[in-house]
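One structure is given below, encoded as structure tokens.
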Amino acid sequence: MDADRIKVIFLGGSSRSGSTLLDRMLGQVDGFFSLGEVYHIWQRGFAENQLCGCGKPFRSCEFWSSVVEEAFGGFGKIVPESVLKLRGTVQRVKYIPYLTFPALRPASYQSRLSKYVEIWSRLYHAIHKVSGARVLIDSSKSPTHGFVLNTIPGIDLHVVQLVRNSYAVAFSWQRKKRRPEVHWTEAYMPRLGVLRSAWEWNLSNALVELLGAAAPHYTVVHYEDLTGWPRRTLRELFTRLGMEPPELGFFTDDQTINLDVDHTVSGNPIRFKHGVIQVHPDMEWKQKMPAHKRVAVTALTWPLLIRYGYLKGARR
């Protein structure tokens, strides 16, 4: 492997599947660095100045200030609104064929994509340099973002599809959760009905499988394994990605981890938790999810539930 290439572990799949937890656990490994859902950096970081995982507003964080200086020459040299506008012209589901097969790209699309990829390339190379890490973890989950990453020269992409039972995901989408990163007012994470969340679960997982087929490295991790047997699951994950299993010194026992402060730019509120944390599966949906909602989710997601082992009794 070229020493100048950047190893990126991209965590893909449906929202509410435990990606922030996996991201942060991976980020505790020596030489690994957690970015959080960096896909949102232009809106939530640059434009809105939300809190970094370290607890400081994005523009006041020493790490991200150094990255932006290295990549763009300072915050005043990048216009996030322009990046977001450009993103809308290249990074949508309908453009996945173009992202997958370069020969299909019209010249106008290729021109826009080249500009967009150049911005991400500069950002990723700056993160790599400032962090000094061997491996970067991006828990953005967005499949289209993953396809863009796979086009960036110099990135060695490792796709990890994190799968969670669609019942649990639908139940989680209905919880009311405060967003502490929105520090200037009281804000809450979006909530979806079971039909919308089931559709999102189907689409996200199907597209990440497609991304996995195009990426150099791809594997699947189940939320239930990650939270039920976290240390064993992490060791197996490294092996499947073709990486030497590292020391997992942040585990104090098989179910307990000790998390340091990191610099994630977006994600579940657990990114603000530090210190000793017990890892265990969240199975509240089994007791509290009404039967009619389970029926609705089953009707919409049963093919992938079978594919991932949830309707065969193989998983909890």
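Summary table
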| item | result |
| --- | --- |
| When each of Lys85/Lys177; Lys94/Lys176; Lys176/Lys273; Lys94/Lys177; Lys94/Lys141; Lys177/Lys273 is checked by Cα-Cα distance, pairs over 20 Å | Lys85/Lys177; Lys94/Lys176; Lys94/Lys177 |
| Residues of the range 114-135 with amide N under 15 Å of the 7 Å Cα→Cβ point at Thr89 | 114-119 |
| Spatial separation of Cα centroids for the range 97-122 and the range 185-207, in angstrom | 28 |
| Potential lengthening between Glu48 and Gln174 on full extension [0.36 nm per residue; Cα-Cα distance subtracted] | 42.8 nm |
| Low-density loop positions, trypsin sites (Lys or Arg not before Pro), the range 49-102 - DSSP coil, at most 16 other Cβ in 10 Å | Arg92 |
| Full-stretch length increase - Asp282, Asp156 - with 0.36 nm per residue and alpha-carbon distance subtracted | 42.1 nm |
| Alpha carbon centroid spacing (whole Å) that separates the range 1-46 from the range 59-73 | 18 |
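Each reported figure results from applying straightforward, stated rules to the coordinates on display, with no laboratory input. What you are looking at is a predicted structure, and each value in this text was computed from that prediction instead of being measured. Here Cβ is always computed from backbone atoms with ideal geometry, including for glycine, and neighbour counts include all displayed protein chains.
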